[in-house]
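The values are calculated or read from the model by the stated rules, or taken from the named source; none is laboratory data. Here the structure is a predicted model, which is why all the values come from computation and not from measurement. When we count neighbours, we look across all protein chains shown, and the Cβ atoms used for this are built from the backbone with ideal geometry, even at glycine. The accessibility values were calculated without ligands, DNA or RNA, using every heavy atom of the protein model including side chains. Shrake-Rupley method; radii C 1.70, N 1.55, O 1.52, S 1.80 Å.
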Amino acid sequence: MLPFIRSDLAKFTAYKPHPSSDTAESVPVQFDRLDTNESPYDLPPELKEKLAWTYQQVIETNRYPDGGHETLKDAIAQYVNESAAISLYTAANISVGNGSDELIRSLLIATCLGGEGSILVANPTFSMYGILAQTLGIPVVAVGRNETNFEIDLKAAQAAIEQTQNPAIRVVFVVHPNSPTANSLTAAELAWLRSLSEHILVVIDEAYFEFSQTTLVGELAQRPNWVILRTFSKAFRLAALRIGYCVAHPEAIAILEKVRLPYNLPSFSIAGALVALQNRALLLESIPQTLSERAKLIEILSQQPELQITASAANFIYLRLKPNSFNSPDAALKTFHQKLRTLGTVVRHISGGFRITVGTIEENARTVNRVQAVLANLEF
Ligand SMILES: *Cc1c(COP(=O)(O)O)cnc(C)c1O
């Protein structure tokens, strides 16, 4: 340990990035990369050409980017309104980040830093909330979920809110629908979120909104302690450009603007997000196919007697091995994961199961074949 580093950082592990970034050969390009829930489709060539033109003709690389993001915020506000058939929001309700990850960190800095608050998460869930909190020295309180439908253990969550002290819980993070388990918030979970005191910030991460088509942005206007996060990394096919946004009350947005770095989004990313929004009908055309492919994957894989698969509202599925199908399920899962990888399909091994992104039609067909082939010879 370097002597000048904060002692609490030693016990945390960094977020494990996409395996393709480990080394050039660890995931050759011909692998089906179904472990990070990206769109399987690159931007259409005509949009790439448009962006290339913008890069050549409009962007001056010697100049700082537009640090106020006004044009992009206007376009996002319009899309947010359209996504819920409302006309409530303007640029004053939007903040943009270098991925939603940056916004998560800004929210943590704005609420809990310096011993002022703890956060609550319900595992399994998106790991970045906990990881980013820990790097800031913010305590993370974790409760569990129902083992079959993955609903949050609301009794435990309520008890945590009432009992956590020094510092008390100031932020609750939920994903709608959740990752890795793919379930949307239920009526009971929503009722609990609505019941929370206005002293607690509720962060609703709608990274998969375009696949679930359920959003809480309509209700946000009446709830000053709620914020909604969304991203361009999934349905909009721009994971490489790192753009996320937050919808919130203007006062909360003003705080986020105070906390962020002045030029957090490169000019090219701003241009990319604008092009994506202008062409959203074209980009979102692929979603019905993803949803029908998801249904097909779930239907076929559910016929495997060893697998337990939950319903999904996102662009991925989550499965576990049935409790009595193997003597040592953990060892079976590990070998299962390795064998799938050897055959060329990379999935995410997480929380005792696999999260598998819905890919192209060809990738999904290979997923089914490979899962069936591995299970046929898996003995543990
Ligand atoms: C993929 C994902 C995001 C997106 O993060 P970016 O930093 O915008 O790429 C956010 N939240 C959840 C739950 C996700 O799964």
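Taking a point 7 angstrom from the Cα of Phe268 along the C-beta vector, which residues in region 32-50 have backbone N less than 19 Å away? Residues 42-50 qualify, since their backbone N sits under 19 Å from the label point.
Determine the share of region 45-283's accessible area contributed by carbon and sulfur atoms, expressed in whole percent, with a 1.4 angstrom probe. Write down the numbers at each step before the final one.
Working: 5290 of 10050 Å².
Carbon and sulfur together cover 53 percent of it.
Please give the contour-minus-distance gain from Ala373 to Leu136: 0.36 nm per residue of separation, less the Cα-Cα distance, rounded to one decimal in nm.
Values: separation 237, 0.36 × 237 = 85.32 nm, distance 4.46 nm.
Gain on stretching Ala373 to Leu136: 80.9 nm.
For the peptides 359-366, 269-276, 60-67, the ranking by mean Cβ contacts within 10 Å, running from highest to lowest, is 269-276, 359-366, 60-67. Packing-based ranking of 7-16, 125-134, 162-171 yields 125-134, 162-171, 7-16, ordered from highest to lowest mean Cβ neighbour count within 10 Å.
Of Lys50/Lys258; Lys16/Lys155; Lys16/Lys339; Lys16/Lys296; Lys48/Lys73; Lys11/Lys334, which ones are farther than 27 Å apart at the Cα? Don't skip to the end; give the middle numbers.
On the way: Lys50/Lys258 33 Å; Lys16/Lys155 32 Å; Lys16/Lys339 20 Å; Lys16/Lys296 30 Å; Lys48/Lys73 22 Å; Lys11/Lys334 24 Å.
Over 27 Å Cα-Cα: Lys50/Lys258; Lys16/Lys155; Lys16/Lys296.
Given a 1.4 angstrom probe, what's the average accessible area per residue across the chain, in square angstrom? Walk me through the numbers on the way to the answer.
Working: 17620 Å² over 380 residues.
Per-residue value: 46 Å².
Just checking the listed ones, Ile152, Ile255, Ile94: in the Gaussian network model of the chain with Cα springs under 10 Å, the one fluctuating most is Ile255.
Contact order, relative form, for region 45-283: 25 percent (alpha carbon pairs under 8 Å, 6 or more residues apart, mean separation divided by residue count). Considering only Arg242, Arg320, Arg194, the Gaussian network model of the chain with Cα springs below 10 Å gives its largest mean-square fluctuation to Arg194. The charge dipole of region 45-283, taken about the Cα centre with unit charges on the Cβ atoms of Lys, Arg (+1) and Asp, Glu (-1), comes to about 300 debye, rounded to the nearest 20. Just checking the listed ones, Thr71, Thr310, Thr357: in the Gaussian network model of the chain with Cα springs under 10 Å, the one fluctuating most is Thr71.
Along the Cα-to-Cβ line of Arg63, 7 Å from the Cα, sits a label point; which residues in region 249-278 have backbone N less than 14 Å from it? Label zone hits: 267-268, 271. Find how many whole Å separate the alpha carbon centroid of region 301-352 from the alpha carbon centroid of region 238-259. Spelled out, the Cα-based centre of one part sits 35 Å from the other. When you restrict to C-alpha pairs under 8 Å that are six or more residues apart and normalise by the size of region 210-357, the relative contact order lands at 16 percent.
Principal axis analysis of the Cα atoms in the chain yields extents of 57, 56, 52 Å, listed in decreasing size. Debye-formula intensities of region 241-289, expressed as log10 I(q)/I(0) at q = 0.26 Å⁻¹, are -1.01 (one equal scatterer per alpha-carbon, no solvent).
Over region 186-274, the ratio between the Cα radius of gyration and 2.2 N^0.38 Å evaluates to 1.21.
Based on the Kirkwood approach, the hydrodynamic radius assigned to region 223-380 is 18.4 Å, with every pair of different Cα atoms included. Using the Cβ-Cβ distance between Leu2 and Gln163 with R0 set to 41 Å, the FRET efficiency from 1/(1 + (r/R0)^6) comes to roughly 0.65.
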